[in-house]
Amino acid sequence: MSQIDPLPPLRQVIADHELSARKSLGQNFLLDLNLTSKIARQAGDLTGCDVLEIGPGPGGLTRGLLAEGARRVLVVEKDTRCLPALAEIAEVYPDRLTVINADALELDPSDQLTPPIRVASNLPYNVGTELLIRWLTPPSWPPFWDSLTLMFQREVAERIVAKPGSKAYGRLAVLAAWRSDAKIAMHLPPEAFTPPPKVSSAVVHLNALAEPRYPAELKQLEHVVARAFNQRRKMLRAALKGMAPDLEDRLIAAGIKPTDRAETVHLEQFCALSRILNS
């Protein structure tokens with residue numbers, strides 16, 4: 001692939017700015033611009049879209065998103081060491097890159113973006129799951145984003161797209177399937193990163209549904225699912241004990257056998273149970 005912009009290669013950027021990855025920040029940098037551009041393309045046609053990126057680091061994915069035609073990219077970076085490198089990208093793409101120095105867990109940048117909005121990030125490993133849950137569980141739906149294209153450890157990615165009956169099936173899979181279409185878009189080996197993590201990674205793409213797949217009240221569904229999977233080895237009548245005096249009757253009304261375990265229960269049944277328990 002030809003150079004995507006006039007900026008230096010990422011390895012040189014990291015050396016020039018002394019940007020060694022910090023484990024405390026969950027940093028693992030991608031240095032191959034071919035790869036970062038491929039990840040950017042997983043987000044679809046970015047023309048006319050604002051893109052939110054969390055944890056851009058030296059800006060490899062940022063450059064890919066801008067080169068792929070994003071109308072504007074808003075990046076949130078906690079590490080002040082990365083800001084000069086990101087400023088250099090902003091100079092090459094005038095008026096298309098905004099950099100916020102902040103902790104993504106303490107900031108809601110949605111009011112600084114103009115729809116349509118997509119989120120694309122090589123998420124820091126230590127905050128990735130929490131951010132995904134926040135994006136999947138806003139009080140009102142549809143959310144501020146149209147799609148999420150996110151990199152996780154492979155194990156986490158498999159939990160997001162897992163189906164009932166699998167060991168990976170749990171809270172993340174239920175929440176993701178309830179409000180989005182989720183799939184694994186690509187896999188990445190450890191050697192793609194600097195420093196190489198101990199595990200493989202994967203990019204997950206989620207498209208927001210216009211409405212949740214089945215009717216349910218968010219807080220009640222979250223409560224039921226959390227209780228069910230916190231004791232996933234127990235039968236549901238034991239895992240959910242105390243949620244209703246006639247719990248077994250309500251499980252049956254939702255199409256669930258009281259002796260079933262959480263990992264065998266389908267999304268539609270969880271939603272039905274949350275409504276029945278809330279009635």
The chain, accessible surface, carbon-and-sulfur percent (1.4 angstrom probe): 49 percent
Extreme residue, positive dipole direction of the stretch 63-221, given options A202, T80, G170 (C-beta unit charges): G170
Estimated inter-spin distance, H17 and S279, nm [label 7 Å along Cα→Cβ]: 5.6 nm
Square roots of five times the Cα gyration tensor eigenvalues for the stretch 132-279, Å: 30, 18, 11
Greater than 18 Å apart at Cα, pairs in K38/K183; K163/K219; K23/K78; K23/K198: K163/K219
Farthest positive-ward along the stretch 138-279 dipole, Cα basis, beta-carbon charges - from L273, P258, A216: P258
The stretch 58-71 - phi-based ³J(HN,Hα) in whole Hz, Karplus 6.51/-1.76/1.60, Gly and Pro as x: x, x, x, 5, 4, 5, x, 5, 5, 5, 7, x, 4, 4
DSSP-defined antiparallel bridges as percent of all bridges, the chain, nearest 5: 50 percent
Accessible area (Å², per residue) of the stretch 10-130, counting only protein heavy atoms and a probe of 1.4 Å: 42 Å²
Heavy atoms of H17: accessible area, 1.4 Å probe, square angstrom to 10: 50 Å²
Whole-Hz ³J(HN,Hα) from phi, Karplus 6.51 cos²θ - 1.76 cosθ + 1.60, for the stretch 230-237, glycine and proline x: 5, 10, 5, 7, 8, 5, 4, 5
Karplus (6.51, -1.76, 1.60) ³J(HN,Hα), θ = phi - 60°, over the stretch 244-249, in Hz, Gly and Pro reported as x: 6, x, 10, 4, 4, 5
Nearest-20 debye value, the chain charge dipole, Cβ charges on Lys, Arg, Asp, Glu: 1280 debye
Among (i) 19.5, 62; (ii) 20.6, 67; (iii) 17.0, 52, the entry that matches Rg and Dmax of the Cα atoms in Å as calculated here: (ii)
Rg and Dmax of the stretch 140-214, Cα atoms only, in Å: 13.5, 42
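The values are calculated or read from the model by the stated rules, or taken from the named source; none is laboratory data. Owing to the predicted nature of the structure, the values given are computational and were not obtained by experimental measurement. We place every Cβ from the backbone using ideal geometry, glycine too, and count neighbours over all the protein chains shown. Side chains included, ligands, DNA and RNA excluded: accessible areas come from the protein's heavy atoms. Shrake-Rupley method; radii C 1.70, N 1.55, O 1.52, S 1.80 Å.
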